[in-house]
Amino acid sequence: MRLSYLFTFIFFIYVTTYTNKTFGQAGGVFYSIKGTFATTDNTPARDVVVQLLQAADKKLVKLEYTDAQGAFSFDHLPEGQYLIATQSMAYTPWLSATVTLNKNTLLGTIRLQTTTTTLREANVTAAKPFIQQQYDKTTLNVAGSISAAGSTALEVLEKAPGITIDQNDNIAMRGRQGVLVMMDGKLVPMSGQELANLLRNLSANQIEKIDLITNPSAQYDAAGNAGIIDIRLRKGHQSGTNGNVSLSYGQGVYPKINPSVNFNSKMKKVNLFGSYNYNYRQFMNDLTIERQFYDAAGHYTGGINYDNFFRLGFNTHNARLGADYNITPDITVGVVANGIFNKGNITSDSRAESFDIQQQKTGSFTTIGDNHPQRNNGSINLNYKHRLDSSGKELSVDLDYARFSNDELQNYRTSYFDLQQGQSKPDYRLFGNLSGELSIKSVKADYTQPLKSLDARLDAGIKSSWVKADNDVRFFDRSSGTDILDTGKSNRFVYDENINAAYLNASKKWARLSIQLGLRVENTIAKGLQVTNKENFDRNYTQFFPSGYVGYAFNKTHDLGISLSRRINRPSYRELNPFKVFLDPLTYSTGNPYLKPEITNSFELTHTFKEKYITKLGFSTTTDNILEVLSPDKEPNSVIQTGHNLARYNYYNISFSVPFTVGRWWNSTNEALAYYGEYKGDLANTHLNASRVSFNLNSINSITISPNTTMELTATYNSRTYYGFLDVKGVWFMGIGAQRQLWNKKASVKLNLSDVFFTNYTNAVTRLTGYGETFFQRRDSRVFTITFNYKFGGNGSGGGNKKAGGAEEEKRRAG
């Protein structure tokens with residue numbers, strides 16, 4: 001009911017405002033400002049960001065881009081005094097004198113000077129740095145990165161400051177798991193290996209930028225207690241038809257091939273955009289494990305040593321097609337459709353040796369696996385945006401539907417041997433038929449209302465989403481030559497979830513002080529059913545999520561900001577699903593239907609020195625922290641991995657962002673993060689009280705050799721750290737790349753070598769009551785990649801992609 005009241009309120013404001021605008025101003029008079037930008041040699045200045053500002057306070061009114069002829073136009077403007085300003089990495093900024101608008105005004109042709117000077121925001125010549133630090137987020141400008149060429153989204157994230165990915169493909173931000181991943185502002189309903197597989201099959205060529213948001217405002221979903229990773233895909237806005245094609249080949253232990261094409265076509269009121277990407281990747285995972293089992297007194301009772309090798313291959317087709325239509329200069333409707341079609345082949349070879357209480361070998365077994373996963377993901381978004389007037393009033397509506405399907409055939413054969421390598425018992429053959437469907441429906445409406453009398457801004461919105469998951473897992477014992485259903489491993493799990501949310505967010509900015517306060521309320525209704533044994537659960541809870549920010553600019557040298565937020569991380573449907581997943585005869589994973597969502601309260605203090613050097617000091621505390629725990633199972637020498645709620649996790653952090661330049665040829669962005677994680681609680685018959693100070697160091701260096709040749713050097717160090725019971729040793733790795741511009745910068749060749757010294761591996765130890773484990777994991781991380789990219793459709797055709805990200809940020813801050 002409360003949501004319906006809020007929606008009615010927003011709709012009433014919208015209708016009232018639009019009616020007042022339509023009828024109240026019907027008798028008013030409106031004018032236009034037009035002009036053309038060109039260079040000193042009379043070449044049209046394309047894709048220049050043109051800003052219309054109020055002359056009194058330089059507040060942004062509208063934003064446009066010059067077309068292929070360098071022309072721009074601001075229409076339907078009331079009388080007043082305005083300024084025209086430009087922003088472009090290719091031209092010197094220009095600011096007009098005051099334009100008194102009381103008639104249609106033609107500014108004529110304005111000459112812009114080309115520039116190679118360093119931009120204040122970008123700190124590099126005519127290009128954005130790979131990393132940009134802001135108060136509330138870190139932005140990775142993937143489109144212009146050399147080291148990202150030919151990479152996947154997961155590989156780009158692995159090099160990002162403060163991001164780590166563990167041996168189970170769980171993503172952590174600043175040492176904290178529970179990260180929410182979004183694409184173009186839409187939630188990706190996956191976690192762990194499923195999410196990692198999706199990111200492995202998303203080429204960096206399709207990505208414009210990635211925002212790492214540590215303390216999101218109330219406008220974002222409350223999920224993601226460690227922060228949000230928002231992946232923004234490429235989308236152009238410039239006139240005409242343009243785009244780029246690329247082809248990359250990578251060679252590590254196994255080959256990787258990635259051709260792709262992106263295009264954008266803007267004609268008058270219609271903007272069409274799309275992309276197609278094919279990704280063929282083979283890679284490996286080499287994993288050795290030493291397991292030890294103990295009795296209640298802590299005495300060694302036996303152990304197993306594993307040597308596992310996995311070879312993975314995937315063929316992925318990723319297509320995206322969309323269109324925007326400007327019904328009027330103020331009303332835009334759009335549609336975007338995405339499809340990801342993936343087929344894989346995973347072979348595994350697991351060799352294990354078992355030991356008795358005297359640590360003497362008692363026998364061995366091998367498990368050979370041959371799995372064929374197939375995942376098809378499709379989604380469609382319908383969007384509507386109405387700019388109600390020039391003051392900043394705006395209504396936007398999004399309708400989304402997504403469907404994810406997963407089918408996988410698994411074949412395992414386990415052979416048992418005695419000390420003389422003779423067969424000790426018959427082979428165990430297991431066949432699995434795994435299928436799953438996940439559908440998501442959501443509707444969202446956002447309204448922005450400037451409060452002129454207070455010189456403030458109010459944002460409000462509602463959102464409802466419906467998720468339905470249906471997973472049918474069937475395992476058959478084929479040891480006897482016939483299929484016998486294994487009821488202990490088979491199950492069907494149906495999960496339904498409905499989340500209804502509403503938020504209010506108010507912000508105001510004075511000369512030095514800025515404040516933002518927000519409140520989000522979310523009601524969650526979830527139902528789960530195990531069809532096989534008829535077990536079910538039913539949950540219904542409502543929670544409030546306040547957030548806020550206070551910033552103060554002491555002078556041009558020092559800025560200080562404080563942010564607070566409360567967030568939630570709900571267990572995924574797979575984490576709740578209690579059926580067992582077979583890994584080998586003595587290793588299983590399973591969900592926990594009794595998992596509770598974890599709640600995190602966060603505080604962060606941000607200091608900016610000379611708008612360049614950023615220091616962040618933070619603290620958060622998480623209750624019911626969800627941890628994946630390996631512990632002894634009922635059968636002798638067997639282990640099971642499942643999620644548990646830990647009583648509390650406290651987290652303290654401090655980070656420094658230090659960019660510097662040497663002349664115009666070397667630009668370096670460096671981040672140092674120190675954090676202290678403290679785990680407290682009782683899990684798996686063990687009292688956990690683990691804490692340690694850990695460090696992450698990240699450096700991205702761009703070196704300009706000539707106007708057409710640049711190099712990039714990246715380095716990352718992650719120190720020893722804890723993840724619950726898991727004690728992970730430190731790791732470091734480096735990457736190097738080079739780029740050469742060709743054919744008047746219409747084409748480029750990029751060379752990149754990741755993990756130069758093959759040092760990016762995982763070495764960890766876990767200890768708890770009755771069990772201990774040491775493992776070493778190495779993946780196909782050292783890859784040499786060559787990428788050729790060609791832009792078509794006129795000079796700077798790649799600029800439309802860059803422009804989309806910059807424009808979105810400016811429009812968000814406007815008003």
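When restricted to residues that are in a strand (DSSP E or B) and either within 14 Å of Gly35 (Cβ to Cβ) or modelled with pLDDT under 85 (or both), the range 55-83 contains 15. Criterion first (assigned to a strand (DSSP E or B) and at pLDDT below 85) does Phe545 satisfy it? In short, no. Whether a residue is surrounded by fewer than 20 Cβ atoms within 10 Å (Cβ to Cβ) and farther than 30 Å from Tyr503 by Cβ was assessed, and Thr623 does not pass this test. I'd like to check something: does the range 129-145 contain any residue that is within 28 Å of Lys343 (Cβ to Cβ), assigned to a loop (DSSP other than H, G, I, E, B) and at pLDDT below 70? Scanning the range 129-145 turns up no residue that is within 28 Å of Lys343 (Cβ to Cβ), assigned to a loop (DSSP other than H, G, I, E, B) and at pLDDT below 70.
Here the condition is being outside any strand (DSSP E or B) and surrounded by fewer than 16 Cβ atoms within 10 Å (Cβ to Cβ); of Lys680, Lys745, it holds for Lys745 alone.
Of all residues in the range 355-366, those that are on the phi > 0 side of the Ramachandran plot have Cβ atoms under 9 Å from Cβ atoms of residues that are part of a strand (DSSP E or B) and among the small types (Gly, Ala, Ser), 6 or more apart or on another chain, in Gln359/Gly302; Gln359/Gly303; Gly363/Ser354; Gly363/Ser424. Among the conditions (1) over 25 Å from the mean Cα position of the chain (by Cα); (2) among the basic types (Lys, Arg); (3) assigned to a strand (DSSP E or B), Lys534 misses just one, which is (3). Scanning the range 391-410 for residues that are under 26 Å from Phe476 (Cα atoms) and either within 27 Å of the chain's Cα centre (by Cα) or surrounded by 15 or more Cβ atoms within 10 Å (Cβ to Cβ) (or both) yields Phe404, Ser405, Asn406, Asp407, Glu408, Gln410. Against the list (1) modelled with pLDDT of 85 or more; (2) touching a Gly at 6+ places or on another chain (Cβ under 8 Å); (3) of a type in the set (Asp, Glu); (4) more than 27 Å from Gly302 (Cα to Cα), the condition Asp624 fails is (2).
If the condition is being over 25 Å from Thr241 (Cβ atoms) and of a type in the set (D, E, K, R), then the range 63-106 contributes Glu79, Lys103. When the range 284-308 is filtered for residues that are of a type in the set (Ser, Thr, Tyr) and buried (at least 19 other Cβ atoms within 10 Å of the Cβ), only Tyr306 remains.
Considering (1) within 30 Å of Ala71 (Cα to Cα); (2) buried (at least 20 other Cβ atoms within 10 Å of the Cβ), the lone condition that Tyr325 does not fulfil carries the number (2). Got at least one residue in the range 84-96 being within 25 Å of Ala511 (Cβ to Cβ), buried (at least 18 other Cβ atoms within 10 Å of the Cβ) and at pLDDT 85 or above? Checked against the condition, which is being within 25 Å of Ala511 (Cβ to Cβ), buried (at least 18 other Cβ atoms within 10 Å of the Cβ) and at pLDDT 85 or above, the range 84-96 yields at least one hit.
With respect to being in the same structural domain as Glu535 (by TED's automatic domain parsing), touching a Pro at 6+ places or on another chain (Cβ under 6 Å) and either more than 30 Å from Glu353 (Cα to Cα) or not in a helix (DSSP H, G or I) (or both), Pro636 falls outside the description.
The values are calculated or read from the model by the stated rules, or taken from the named source; none is laboratory data. Since the structure is predicted, the reported quantities are computational estimates derived from the model, not experimental observations. Using ideal geometry, Cβ is built from the backbone for each residue, glycine included, and neighbour counts are taken over all protein chains shown.
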